[in-house]
Each structure stands twice: as C-alpha cells, then as structure tokens.
Amino acid sequence: MENFLDVGQTLDLLRYVQPMLIAGAVLGLVAGLLGPLVVTRKMAFAVHGTSELAFTGGAAALLVGIGVGYGALAGSVLAALLLGLLSRRDSDRDSVIGAILAFGLGLGVLFLALYKGRAANKFGLLTGQVVSVGSTDLWLLIGSSVAVLAVLAFIYRPLHFASVDAAVATARGVPVRTLSVVFAVLVGVATALSVQLVGALLVLSLMITPAAAAVRVTASPVRATVLAVVFAEVSVLGGMVLSLAPGMPVSAFVTAVSFLIYLVCRLMSGKRERVQ
Amino acid sequence: MTAAQVTDRSTRAAVALRGARLSYGDRVLWDGLDLDVAPGEFVAVLGPNGSGKTSLIRVLLGLQPLSGGTVRVAGGNRRIGYIPQQRALDSSLALRGRDLVGFGLDGHGWGVGWRHRRERRARVDEALASVGATQYADEPVGLLSGGEQQRLRVAQALVGDPEVLLCDEPLLSLDLHHQRVVSDLIDARRRAADTAVLFVTHEINPILPLVDRVLYLVEGRFRIGTPAEVMTSRTLTELYRTNVEVVRVRDQIHVVGAQHVCEDEPHHVADEG
C-alpha cells in the first residue's frame with residue numbers, strides 16, 4: 001500500500017499506458033454523451049443486460065480464438081436488437097431483459113468452462129483489465145466510437161423528443177419505435193467497447209453513474225450532457241491513473257471515482273430541493 | 001347539418017372522415033362516421049367513457065388504423081398540434097419547460113438542431129409568454145404542478161404553427177382561471193390562423209361559447225351538429241336510449257339522466273385502450 005501514491009512510478013507507467021488512456025478518453029466521451037438519454041429512457045437495466053451479453057460474446061470469442069473485442073461487439077449488438085424487437089411495450093421490457101440476461105450469462109459461463117487458456121482472461125471479461133489495448137483494438141474502438149457519435153448526432157433531436165414525450169413525438173411523425181431500436185444498438189456498441197475496459201459487471205459505472213449524477217444537479221439537457229461527459233472522463237481517466245501505482249484493477253478505481261461524484265451530486269441536489 | 005352542407009365543407013376541410021368505422025373485435029365504437037372539420041372550425045367531441053373519443057384522436061394521428069372508411073388530415077402529422085391527455089412528467093427528468101415547448105417547434109427534425117438557435121429561442125419565448133409560463137420556463141418540468149405542465153403542453157402544441165389542433169381533455173387539472181386562459185388561447189389561434197380544432201372533453205360548459213359544432217358519441221351512436229341542435233333532451237335521449245334531460249341554466253348546459261351519462265367525470269386513456 002505504500003506505493004499507492006508513488007508519483008514517480010505513476011509518471012513512469014503513464015508512458016506505457018498511453019494507448020489505454022486514449023481508449024479511456026474516447027469511451028468516456030461516448031458514455032457521457034449517451035448516458036443522459038439512457039437515464040431518461042430508464043435503460044439502466046437494459047445496459048446491464050446488454051453488457052452481460054457482451055460478456056457472452058467475448059467468452060465465445062475466447063473459446064474459438066478470435067478477438068474478444070469482436071465477440072463482445074457481436075454479443076451486445078445482438079442483445080440490443082433482441083431487446084429492441086422483443087420488448088415492444090415498456091411494461092414487459094424488464095422481464096425480457098431478465099430472461100435474456102440469465103440465459104446469456106449461463107451460456108457465457110459454459111464457454112469459459114470449455115476454454116482452456118489463461119484464467120486471467122476469464123476474470124478480465126467480467127471485471128475489466130486493459131493490459132492489452134493494442135493498436136488494432138484502439139483503432140476498432142475509435143472507429144466504432146466515431147460511428148456511434150455520427151449516428152447519435154443525426155438522430156439526437158427526435159430521439160430526445162421521443163425519450164421524454166413519446167406520445168407527442170409519435171403524433172408529430174417521429175419514428176419512435178425505429179429510433180428506440182437504433183438507440184439500443186448504439187448503446188450496445190458503446191457497451192461492448194466499455195466491457196474491454198471496465199468489464200461486463202461494471203459498465204454501468206461508465207454509462208449510468210456519470211449521467212445519473214449530472215441530472216441531479218441540472219435540468220438543462222445540454223448542461224446535463226456536458227456534465228455527464230466531464231464526470232465520465234474524470235472517472236475513467238482518474239481511475240486509470242490512480243490504479244497504476246498500486247497495480248490494482250482499473251475498474252475498482254473507475255467505479256469508486258464515479259460513485260464519489262454521484263454522491264456529491266446527490267448531496268448538492270438534496271440541498272437545492274430543500275431550498276425551493 | 002344537411003348532406004349538401006357536408007359536401008360543401010369537404011372541398012377544403014382540414015379533417016375529413018368518410019364512412020369511418022372503428023371496432024375492436026365485436027365491439028363497434030362508431031360506424032358510418034362522416035365528419036368534415038373546416039379550417040378555423042371548433043368541434044367539441046363529447047360522450048361517456050369508452051365511446052371512442054380518444055380513439056378518434058388516435059385515428060387522426062395515424063396511431064390507430066380505421067376498421068373501415070377513410071380519414072384525411074390536411075398537412076399530415078407535421079402540421080398537427082396535439083395536446084395529450086394529462087400525464088404527470090417524471091420528477092427526475094432533466095428537462096425544462098422551454099425544452100418541452102421547443103420540441104413542439106422542431107423536435108421532429110433530424111440532427112442536433114444548433115442552427116437557427118436565436119430565432120428558435122425567440123419563438124419558444126413567445127409561446128411561453130402566451131401561456132403565462134415565462135416565470136417557470138427554466139424550472140425542471142417534473143417539479144411543476146399539473147396545471148403548469150398543461151400550459152406548457154398548450155404552448156408546445158401552438159408553437160409549431162399547426163393547421164389542425166387535436167386536444168384531448170386539455171382543461172383537466174386546470175383551475176377556472178387557467179381553463180379560461182387555455183381555451184381563449186386555442187380560440188385566438190384558430191381565429192388568427194384558421195386552425196381547425198377538435199376538442200375532446202367531458203365538460204362542454206367552459207368552452208360552450210367557442211364551440212361551432214358538437215360530435216356526441218354514445219355506444220356506437222353519434223350525432224353531429226351545433227350545440228343547440230345536439231344538446232337537447234330529445235337528441236341525447238335518443239343517443240343514450242334512456243330518459244335524459246338537458247337543462248339550461250343561464251349560459252350553461254346541464255345533462256341530467258342515467259348514471260352512465262358521466263358528464264362530470266373525467267375519463268382515462270386506459271378505459272379506451
């Protein structure tokens with residue numbers, strides 16, 4: 001524990017982990033931009049379900065010996081499509097997610113049991129580890145992120161409308177149902193990318209916690225989005241840097257930082273409400 | 001209204017229904033409905049719970065296909081202003097009053113919407129001011145009262161410059177003063193811009209001076225005409241098939257009759273599924 005705040009060692013390690021920091025910064029941006037919409041649409045559980053399916057996809061990829069990143073991407077996009085298509089009503093979305101999540105997780109466990117490679121890889125899928133962000137992974141990540149953000153920019157306004165006010169949006173000719181499937185796929189891609197960094201169990205700390213914190217302190221959608229991006233970046237970059245010296249899993253620090261931000265925002269909003 | 005008058009109206013009608021039928025399984029909500037709403041006309045839609053008032057709005061919005069007949073709405077959905085039945089907005093929603101109104105202006109457009117921001121802001125401010133919502137325009141919508149939210153809904157529907165205004169119980173949860181404010185706004189809009197208004201309500205009195213015609217729906221039967229034609233003891237007795245008395249007290253109409261003549265009880269979307 002004495003090397004917890006070893007600045008010299010941290011600076012030394014920073015050079016080696018530069019690609020990882022870039023990956024983290026890109027993910028923070030994507031998660032921060034998607035987050036407020038995910039929170040508005042009450043999709044936290046859907047994000048969790050999608051990330052479990054990313055785990056299943058990653059485990060399958062490990063088993064057959066292709067890139068975990070591709071497996072995770074395939075798994076979560078499939079999950080997003082299934083959720084989007086099967087849960088036509090809000091009322092049965094929760095149970096659809098629950099059913100798919102449980103089955104996917106079981107399948108993933110089976111794949112891992114059959115896998116004879118390094119045990120660290122298995123654990124990494126669930127809790128995250130970024131030892132190996134190679135340059136190909138990095139480009140896949142950046143490419144996918146650019147695609148996600150481009151689509152998001154195009155559909156942002158009607159999607160936002162549909163997310164807060166589906167009845168009126170439908171009345172005005174917004175393709176509410178199509179948008180919700182497209183958005184589920186965007187979230188699926190972002191989730192798959194995050195899985196590689198923080199692991200399937202902790203994706204929520206990037207996608208949900210910063211946005212949940214942001215909407216506690218402002219009602220302006222623009223300000224909430226900017227804050228969510230800032231919070232996500234602080235969590236992911238701060239968490240990574242803090243994890244270097246002690247050599248502990250990144251996810252522990254990322255979740256701790258984002259949760260701390262969330263607590264502070266809750267306390268602030270609590271005060272604001274009492275004043276009014 | 002005679003057949004000749006109906007044809008006359010239909011040439012430039014904002015809303016046109018022809019032989020419209022809506023049924024769920026064996027249950028027929030209405031059949032053979034011919035209705036033309038002229039630009040600038042104010043039509044009140046009345047009737048007990050489950051008579052298909054909200055379903056009629058859904059048909060006009062294109063959310064509910066007709067079981068028979070045709071429907072046409074001028075300008076398509078982009079030119080419809082819609083004030084939905086009141087539903088409280090989530091108190092944790094990151095959305096201000098001005099954002100809700102802004103959706104009515106260009107929420108359906110693709111892209112992020114950063115262009116024309118100044119012009120947009122001016123129009124939203126104007127719409128907010130017209131319903132007296134300037135004061136709470138920057139508050140989170142979820143923390144506003146039902147009446148305050150409802151005034152934002154009206155501003156949202158009007159800011160988009162609609163040709164047709166579909167209102168589903170827009171006066172619900174408003175106090176008398178704001179009932180007046182909201183119905184006067186809708187009235188001013190249709191006079192100034194020739195907007196056709198379809199106004200679903202369980203209570204005709206607050207809007208009686210504004211109403212040109214009434215569509216009264218009861219268990220598959222209906223009657224269309226001026227309030228003086230439809231709101232009579234004879235007509236309503238025929239519609240309800242039970243003895244109904246219409247009493248006029250000063251400028252108000254009171255319907256006295258069987259229990260299911262629930263003029264004083266708001267209805268709910270769920271009832272009409």
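Quick notes on this one:
- Reduced Cα scattering model of the protein assembly as shown, Debye log10 I(q)/I(0), q = 0.07, 0.11, 0.13 Å⁻¹: -0.51, -0.97, -1.20
- Within chain B, helix-based [θ] at 222 nm, where runs of 4 or more DSSP H residues each add -39,500 (n - 2.57), nearest 500: -9500 deg cm²/dmol
- Residues B:S145 and A:L263, FRET efficiency given R0 of 35 Å [Cβ-Cβ distance, rounded to 0.05]: 0.70
- Burial order of peptide ranges B:159-165, B:23-29, A:220-226 (average beta-carbon count within 10 Å, highest first): B:159-165, A:220-226, B:23-29
- Volume per residue that the Cα convex hull of the range A:1-104 spans, once the total is divided by residue count, Å³: 160
- The fraction of all Cα pairs in the range A:194-255 landing in successive 10 Å bins from 0 to the largest distance is 24, 48, 23, 5, given as whole percents.
- Packing-based ranking, highest mean first, of B:48-54, A:40-46, A:110-116, A:54-60 given that Cβ atoms within 10 Å are counted: A:54-60, B:48-54, A:40-46, A:110-116
- Value of [θ]222 nm, deg cm²/dmol, for chain A, DSSP H segments ≥ 4, -39500 (n - 2.57) each, nearest 500: -27500 deg cm²/dmol
- Pairwise label distance in nanometres, B:Q135 with A:A102, each label 7 Å out on the Cα-Cβ vector: 5.3
- For the segment A:214-224, counting C-beta atoms of other chains within 10 Å of every residue's C-beta and taking the mean gives 4.
- Fluctuation leader among B:G111, B:G225, B:G69 - chain B, Gaussian network, Cα springs under 10 angstrom: B:G111
- Under the span-like rule (Cα at least 27 Å along the axis, Kyte-Doolittle mean at least 1.0), DSSP H helices of chain A: A:18-40, A:44-64, A:93-114, A:135-164, A:176-198, A:221-244
- Using alpha-carbon coordinates, inclination of helix B:117-130 to the longest axis of chain B, degrees: 50
- With bins 10 Å wide beginning at 0, the percent of Cα pairs of the range B:188-252 falling in each bin runs 19, 51, 24, 7, 0.
- Counting all C-alpha pairs of the range A:7-269, share separated by more than 26 Å (%): 39
- Peptide A:170-178, shielding by other chains (average Cβ, 10 Å cutoff): 6
- Angle between chain B longest axis and helix B:97-106 axis [Cα atoms, degrees, rounded to 10]: 70
- Peptide B:80-92 has a mean shielding of 3, counted as Cβ atoms of other protein chains within 10 Å of each residue's Cβ.
- Spin-label pair A:V226/A:L13, simplified geometry with 7 Å Cα→Cβ offset, distance in nm: 3.4
- Antiparallel DSSP beta bridges within the protein assembly as shown, as percent of all bridges there, nearest 5: 55
- Within chain B, the percentage of alpha carbon pairs spaced more than 30 angstrom apart rounds to 30%.
None of the figures in this text is laboratory data; all of them are computed from the coordinates on show. All figures in this text were calculated on a predicted structure; none of them were measured in a lab. Neighbour counts run over all protein chains shown; Cβ positions are idealised from the backbone, glycine included.
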